[in-house]
Amino acid sequence: MEGVKGLESDLEAMRQYFRSGKTKDVAWRQSQLKGLLSFIKEKEKDIFKALKEDLGKHHVEAYRDEVGILTKSIKFALHGLKEWMSSKKAKLPIVALLSSAELVPEPLGFVLIISSWNFPFGLSLEPLIGAIAAGNTMVLKPSELAPASASLLANVLPTYLDSSAVKVIQGGPAVGERLLQQKWDKIFFTGSARVGRIIMSAAVKHLTPVALELGGKCPAVVDSVSSSWDTKVTVNRILVSKFGACAGQACIAIDYILVEKRFASTLVELMKVMVKKMFGENPRETNTVARIVNEQHFLRLKNLLSDSAVQNSIVYGGSMDEKNLFVEPTILVDPPLDAAMMTEEIFGPLLPIITVSYIPVISFYLYTCILQELHPAIIKKTRLDKVEDSIAFINSKPKPLAIYAFTNNEKFKRRMLSETSSGSLVFNDAVIQYAADALPFGGIGESGLGKYHGKFSFDTFSHYKAVTRRSFLTDFWFRFPPWNDYKLLL
Ligand code: NAD
């Protein structure tokens, strides 16, 4: 188990270091954030190299999604830090005359961050920014599935930071489980719902608070948008967010599209043209699409495509190169709704489009429920009537991390907003919400618990202590016994 020799004593030393109070200092927090910024700046080329090695990411994509976003986030934290750390006045009821109250943020203590492989720097360092800004000591365990990135984080990052307060431990599930046996003041986890459940069970022992950044199937609804310009913008944004961000291996990637049947062929034909324009005839050779992280995930995607009905639904792409772990951007129209493709999170460059066609009932949801009761196989053929019915379709699935809707229809937007539930809701774009410091990033229900980014990251790793200050001068006599009914009248 690499990096965990003498684990218990190392962790105890870090707990002691937190108790020394050093990490609470504003100057300490600033110096660590600046250290993080220097790491990103000075090791930019090494970061690109690691991301190329682990995931075949083009360096421009790596800059956009990891280096660039992290640089922005660190600067945002440095800029807001003093204000975030300041106590906030609170109002007290009149009975507490001549008193004052405030909310004082304090660090939680010693925290654990476990991260995923698809954005190995972003998903490790974005929570680290919050943990540092809030004044904690911390252990980061990056994913073993992006080993070059994990090694850079473990071997180089600590030289830019206070190594008594920040430790990076490499390893897989066994190391993760060993870390989970320790007592933490918070566990911040990014990964699958399966492991999320393991994290939550382990946290129960010490009543440790958790943040779980999970995944799921994020739908995009495409309305028959009004102009050819809107359609082109829609297609561009869908393609770049699906195939151009770690080849669809992203928790907020569009998992599937719902589109009105009458508009589907226009959309698909434009997609075929634009996908070639954006990623070229041979994306593997031009390195415009990242590769699949490992053989296991490659075979998982191969398996999703293996069903003959799914094969028949491919309208673009579909080729796979096992030696290079490369999957071509692939578009499918109406794969069966009960195929694994439509029941499991895809997490790869496969984009199913589900068409919305005639069905003679108002509520798709009721209709599918009845059909499912009568004959589950019929569900395969079930289609939606109009784009509004996509709401019922989305609501029949677990709450997603993100919902996207491409539309100019204001009434439909209002309905999406009030009738669906998700971590985030984006109109007319996808994935862009990840870059916003002012928006909380996190899921709801099965897509996660807790939120971060910007000040939300600081809050995630802070406790807001309620502080009340009273004067000895005044008091209301009726709050003290002995009780009598006269006191009630007051
Ligand atoms: P994963 O759950 O397999 O692994 C995540 C991390 O947990 C890794 O560091 C891994 O080593 C560790 N781990 C695995 N088993 C463990 C155990 N038994 N005990 C302790 N730690 C353990 O997930 P993954 O393959 O890295 O990521 C894919 C999933 O993560 C997808 O579902 C995706 O949607 C989700 N995800 C979510 C976000 C988000 O921000 N919400 C971001 C990226 C990925």
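Read-outs: derived from the displayed coordinates by stated rules, not from any lab. Remember, it's a predicted structure, so these values are computed and weren't measured experimentally. Glycine gets a Cβ as well: all are built from the backbone with ideal geometry, and neighbour counts include every protein chain shown.
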In this structure, is Asp65 over 30 Å from Arg469 (Cβ atoms), touching a residue at least 12 places away in the same chain (Cβ under 8 Å), more than 16 Å from the ligand (Cβ to nearest atom) and not small (Gly, Ala, Ser)?
-> no
Please state which one of Leu301, Leu337 is outside any strand (DSSP E or B), within 16 Å of the ligand (Cβ to nearest atom), in contact (Cβ under 8 Å) with a residue 24 or more places away in the chain and buried (at least 16 other Cβ atoms within 10 Å of the Cβ).
-> Leu301
Take the residues in segment 136-189 that are part of a loop (DSSP other than H, G, I, E, B), in contact (Cβ under 8 Å) with a residue 12 or more places away in the chain and more than 23 Å from the chain's Cα centre (by Cα), then tell me which one is nearest to the ligand (Cβ to nearest atom).
-> Gln181
Residue selected from segment 459-490 under the condition part of a strand (DSSP E or B) and of a type in the set (D, E, K, R), by the criterion nearest to Ala133 (Cα to Cα) | Lys465
Residue hits (segment 106-128; more than 9 Å from the ligand (Cβ to nearest atom) and of a type in the set (A, V, I, L, M)) are Leu108, Val111, Leu112, Ile113, Leu125, Leu128
Residues satisfying the stated conditions in segment 181-234, i.e. touching a strand residue (DSSP E or B) at 6+ places or on another chain (Cβ under 6 Å), among the basic types (Lys, Arg) and over 20 Å from Leu351 (Cα atoms) | Lys186
Consider Phe456 against the criteria (1) more than 18 Å from the chain's Cα centre (by Cα); (2) in a helix (DSSP H, G or I); (3) under 30 Å from Phe188 (Cβ atoms): it satisfies all of them except one. Which criterion is unmet?
-> (1)
